[in-house]
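Report on the structure given below.
Computed from the coordinates by the stated procedures, all read-outs in this text should not be read as laboratory data. Note that the structure is a prediction, hence the values are computed from the model and not measured. Positions of Cβ are generated from backbone atoms using ideal geometry, with glycine treated the same way; all protein chains shown enter the neighbour counts.
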Amino acid sequence: MTTGTPELREAMRTWAEKVLGASGDFDVLPTIGSKELVAFLPTILEAKTLLFPKIAYPTYLVGSIISQAKSTAVDIDPSSWPAADIAWINSPSNPTGRVHSIEELEATISYSKKHGTVIVSDECYLNFPATDKVPTSILKVAKGENKNLIAVHSMSKRSNLAGYRAGLIVGDSQLIKKILEIRKHAGMMVPLPVQRAMTAALGDEVHVQEQAARYRKRREVLRPALEAAGFNIDFTEAGLYIWCTRNESDWDSVAWLAERGILATPGNFYGDAGNRHIRVALTATDEQIAMAASRITNSL
């Protein structure tokens, strides 16, 4: 069932209210991971124009290519944005770990009201703060006025269910109704065993807090080593990654780490604006993170 079992729907709604701070009229819908939704939402909503951050998850752009929408990479401040059918925001950001302020989210909502733009807030890393700058869902800031707002979440990140392909969206009930109608005819149904796993996972915050603590500890181990090697850490306020630069080509930084047996992602994978940064993931084991830090410091 595309809309989700009654148990899953109740779990998603309860979680949205308690964790995201959603209120007012809103609906929920399970998705086949968040990537499916990101890639096909512009097609489902028949968008002709789309905005996405200058440094961003590449599937935003791919989704616009699939739908043949005109896409524009934009800065964080919506005062400079042109009118568009859909605008993606991402807080905490992949790859930078940047967290939007309340004021930035409020400005985005104001932009949506002015232009009638659908704001899709990718909040997949919301549960993993790394500093005192705690991420906030756009639905909490909206205070129940959810028209043209959708929040995207991923069980892959929150609950380590990447292989399950489990995600969900929360927001404007009329938009979600439209998305549901298309998806059910396209066969985009989350399998029943996965729905049951989602129901269980959404009812438990303990494992999420434990995972968040792991990422913070790994960051505390790896960050000093990178800084000792001359890397400046930018943003990295939340999420699973360290975003850093030595003010050199991203490929030079990647090569330097590769010589020490450490793999990192070049920043240009996330847009030209990232071509002097690298993304270092904290998803390896504690032992591997400690080994990487040791290899860096021992080579200095």
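Overview of results
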item	result
Cross-link pairs beyond the 30 Å C-alpha cut-off, checked among K54/K113; K18/K178; K35/K133; K18/K48	K18/K48
Nearest-ten-degree value, helix 206-228 long axis tilted from longest Cα axis of the chain	40
In order through region 262-275: 3J(HN,Hα) via Karplus (6.51 cos²θ - 1.76 cosθ + 1.60), integer Hz, x for Gly, Pro	10, 9, 9, 9, x, x, 5, 4, 10, x, 4, 5, x, 6
Packing-based order for 2-8, 101-107, using average beta carbon neighbours within 10 Å, highest first	2-8, 101-107
Most mobile of E220, E46, E287 in a GNM of the chain (Cα contacts under 10 Å)	E287
For E36, E248, E123, order by how many other beta-carbon atoms lie within 10 Å, fewest first	E248, E36, E123
Around R165: net Lys/Arg minus Asp/Glu count, Cβ-Cβ under 12 Å	0
HN-Hα J in Hz across region 159-164 - Karplus 6.51, -1.76, 1.60, θ = phi - 60°, x for Gly and Pro	10, 6, 9, 4, x, 7
Folded to 0 to 90 degrees: helix 33-44 orientation relative to the chain principal axis, Cα	50
For the chain, built as a Gaussian network whose Cα springs stay under 10 Å, the top-fluctuating residue of T108, T236, T131	T131
Label-point gap, in nm, between I102 and A273 - each point 7 angstrom along Cα→Cβ	2.5
Cut-off under 5 Å, modelled amide H: who pairs with D122 long-range	I89, N90, S91, V152
³J(HN,Hα), Karplus 6.51/-1.76/1.60, whole Hz, each residue of region 4-21, x for Gly, Pro	x, 5, x, 5, 5, 4, 5, 5, 5, 5, 4, 5, 4, 6, 6, 9, 7, x
Antiparallel content of DSSP bridges confined to the chain, in %, to 5	55
Prolate/oblate/rounded label for region 1-69 (Cα gyration tensor, a/c 1.5)	prolate
Per-residue [θ]222 nm for the chain (sum of -39500 (n - 2.57) over DSSP H runs n ≥ 4, rounded to 500)	-12500 deg cm²/dmol
Over the chain, relative contact order from alpha-carbon pairs under 8 Å, at least 6 apart, %	21
Cα centroid of region 189-211 to Cα centroid of region 151-180, whole Å	12
C-alpha long axis of helix 192-202 to longest principal axis of the chain, angle in °	70
